[in-house]
Amino acid sequence: MRLHDNAISHIAKIIQLAILTGTDIVDNFRAIDFEIEDNTLILNQQYLHFFDENLEKMTQLLQQQQEEETQHSDD
């Protein structure tokens, strides 16, 4: 059995996210949901959708915070 290329790139993304946010990498890995297809581990599509939604929300929140900080520093 092997990891699909998309699963490998997702693992890299999770590592980057953990470094940037200071979150525990173990918790991030525990949340991954794989499926087996043709003797290959692939990411579960529902998990991937949920992950991408949360990442988008986090990105928007960070952008809002940066904009607010910029406005406050200009005052």
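What follows is calculated from the coordinates using simple rules that are stated; it is not laboratory data. This is a predicted model, so every value here is computed, not measured. Cβ placement follows ideal geometry from the backbone for every residue including glycine, while neighbour counts extend to all protein chains displayed.
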**Complete:** For the chain the mean separation of alpha carbon contacts under 8 Å (6+ apart) over residue count, i.e. relative contact order in percent, is 29
**Complete:** GNM of the chain, Cα pairs under 10 angstrom: of Gln65, Gln45, Gln16, the biggest fluctuation goes to Gln65
**In sequence order, calculated HN-Hα J values of region 12-29 (Karplus, 6.51, -1.76, 1.60; Hz; x Gly/Pro)** = 4, 5, 5, 5, 4, 4, 5, 5, 5, 9, x, 7, 6, 4, 4, 4, 5, 5
**Prompt:** To the nearest 0.05, how large is the calculated FRET efficiency for Ile8 and Gln46 if R₀ is 22 Å and r is the Cβ-Cβ distance?
**Reply:** 0.65
**Message:** What distance in nm lies between label points placed 7 Å from Cα along the C-beta direction at Ser73 and Asp27?
**Reply:** 2.8
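Please state the charge dipole magnitude for the chain, taken about the Cα centre, from unit charges on C-beta atoms (+1 on K and R, -1 on D and E), reported in debye and rounded to the nearest 20. Before the final figure, lay out the partial values.
Numbers: 4 positive and 15 negative charges, 86 e Å.
Using Cβ point charges on Lys, Arg, Asp and Glu, the chain gives about 420 debye.
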**Fill in**
Counting sequence-distant residues (5 or more places) and residues on other chains, those with an amide H built under 5 Å from that of Leu3 are Leu41
**Request:** Report ³J(HN,Hα) in whole Hz for each residue of region 41-52, in order, from the Karplus equation J = 6.51 cos²θ - 1.76 cosθ + 1.60 where θ = phi - 60°; Gly and Pro get x.
**Result:** 7, 10, 6, 5, 5, 5, 4, 4, 4, 4, 4, 5
